[in-house]
Amino acid sequence: MKILLTGSSGTIGTRLFERINGEHQMVGVDKRPNKWSPAINEKTVITDLRDRQAVKNLPGDIDLVIHFAANARVYELVKEPDMALDNILMVYNVLEYARRHRIPGIIFASSREVYGNIMADAPIKEGQVEVVNCESPYSASKLSGEAMMQAYGRVYGIRQIIVRFSNVYGMYDDSDRVIPLWGRQMTANQDITVFGREKVLDFTYIDDAVDAVISLVSRFDRVAGNTFNIASGEGVRLYDVAEKMKKLFNARSGVILRDNRPGEVWKFRADISKAVKLLDYHPQVKIDEGLRRTADWYRQNS
């Protein structure tokens, strides 16, 4: 299968490309070169997906598009909401590219942010999305992307799968997301900030997330039209993650507690039963082991 992967220089994109390159004929698309892998760069088109003309010039002989490219820092988009508009524009341009070239299928990376803060103790199922719960410009951009995927499926026959990732962490991430940010700060014994003492999130180790996408690719014809939560299915307090990381990094960092920031989800645990049933998805890496692997990777690559 010939696959075009947008966001191929990003965290999940890098790991996915690395694992399925060879089994499939890969074409990467990103606005910047991949800093981790010269091999990926050899197969990557550097372009801006906001540029409609540039997207028109991408290779057309593609069997499947995996659209991961996005501005994905929630609080950045609170401060710069134009970045949410960029996300929507990129989805539109990619869908138009697929329509013009009659590409039969797309896998779209959405986010658990689309659920907002649902006041429920039970894990959150895929059908529990409501527009009134949008917490941020980022969540609105992802929900808009999902709606566009559904519309192009109905009108133009482009089959789609929507994947709602939840706090993916691990190798190839040196961003300002909370785990890599804390890792850098703890290495320097700097104080860290936890926004929300009682914030509970569902962290997903990167190889578990990529396992799910590989399963989607291999089962595409059977599961097209579905939306899946891809997560660990377990909630953990963000404050507890900070304490676990302090031990792993032998850090003397202080922990500063602040209120939740505007636009951020503060309570989420995914129901992954649909992915378990249809994808045979079984996350293997618990939070303690995932943080240990991540800390080791940071030490080796800092």
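General observations
- As a rough guide to protection, the peptides 2-8, 119-125, 249-255 ranked by mean Cβ packing within 10 Å, highest first, stand as 2-8, 249-255, 119-125.
- Neighbour counts of other Cβ atoms within 10 Å put ASP207, ASP82 in the fewest-to-most order ASP82, ASP207.
- Whole-number percent relative contact order across segment 178-259, with pairs defined as alpha carbons under 8 Å at least 6 apart: 55 percent
- Computed from Cα atoms, the angle from the helix 287-301 axis to the main principal axis of the chain rounds to 80 degrees.
- 0 to 90° range, to nearest 10: angle between helix 137-156 axis and the chain longest Cα axis: 20 degrees
- Virtual spin-label span in nm between TYR239 and ARG177, 7 Å along Cα→Cβ: 2.4 nm
- Altogether, the Stokes-Einstein calculation at 37 °C and 0.692 mPa s, with the Kirkwood radius of segment 94-137 over Cα pairs as Rh, returns a diffusion coefficient of 253 µm²/s.
- In sequence order, calculated HN-Hα J values of segment 194-200 (Karplus, 6.51, -1.76, 1.60; Hz; x Gly/Pro): 9, 8, x, 4, 9, 5, 10
- Cross-link partners for LYS31 among the lysines, with Cα-Cα distance under 28 Å and sequence neighbours closer than 8 places in the same chain left out: LYS2, LYS43, LYS56, LYS79, LYS142.
- Projecting the Cα atoms of VAL114, GLN160, SER136 onto the charge dipole of segment 105-166 (Cβ charges, centred on the Cα centre) puts GLN160 farthest toward the positive pole.
- Using the Cβ-Cβ distance between GLN300 and ARG102 with R0 = 41 Å, the FRET efficiency computed as 1/(1 + (r/R0)^6) comes to roughly 0.40.
- Per-residue extension of 0.36 nm, minus the Cα-Cα distance of ARG19 and ASP51, leaves a gain of 8.6 nm for this segment.
- One equal scatterer on each Cα of segment 65-114, no solvent, Debye formula: the resulting log10 I(q)/I(0) at q = 0.22, 0.24, 0.27, 0.29 Å⁻¹ is -0.82, -0.92, -1.05, -1.14.
- With contributions of -39500 (n - 2.57) from each DSSP H run of at least four residues, the per-residue ellipticity at 222 nm computed over the chain stands at -12000 deg cm²/dmol.
- Residue by residue, segment 38-50 carries 3J(HN,Hα) couplings of x, 5, 5, 4, 5, 10, 10, 8, 8, 7, 9, 5, 6 Hz when phi is fed to the Karplus relation 6.51 cos²θ - 1.76 cosθ + 1.60 (θ = phi - 60°); x denotes Gly or Pro.
- The order of the peptides 224-232, 136-144 by mean Cβ neighbours within 10 Å, most packed first, is 136-144, 224-232.
- Helix 238-248 vs. the chain, principal-axis angle (Cα, 0 to 90°, nearest 10): 70 degrees
- Ascending count of other beta-carbon atoms within 10 Å, so fewest first, for HIS67, HIS101: HIS101, HIS67
- For segment 85-222, a simple Cβ point-charge model (Lys and Arg +1, Asp and Glu -1, everything else neutral) yields a dipole of about 640 debye relative to the Cα centre.
- Burial ordering of ASP259, ASP30, fewest other beta-carbon atoms within 10 Å first: ASP259, ASP30
- Beta bridges per DSSP with both ends in the chain, % antiparallel, nearest 5: 5 percent
None of the figures in this text is laboratory data; all of them are computed from the coordinates on show. Fair warning: this is a prediction, and the values are worked out from it, not measured in the lab. Positions of Cβ are generated from backbone atoms using ideal geometry, with glycine treated the same way; all protein chains shown enter the neighbour counts.
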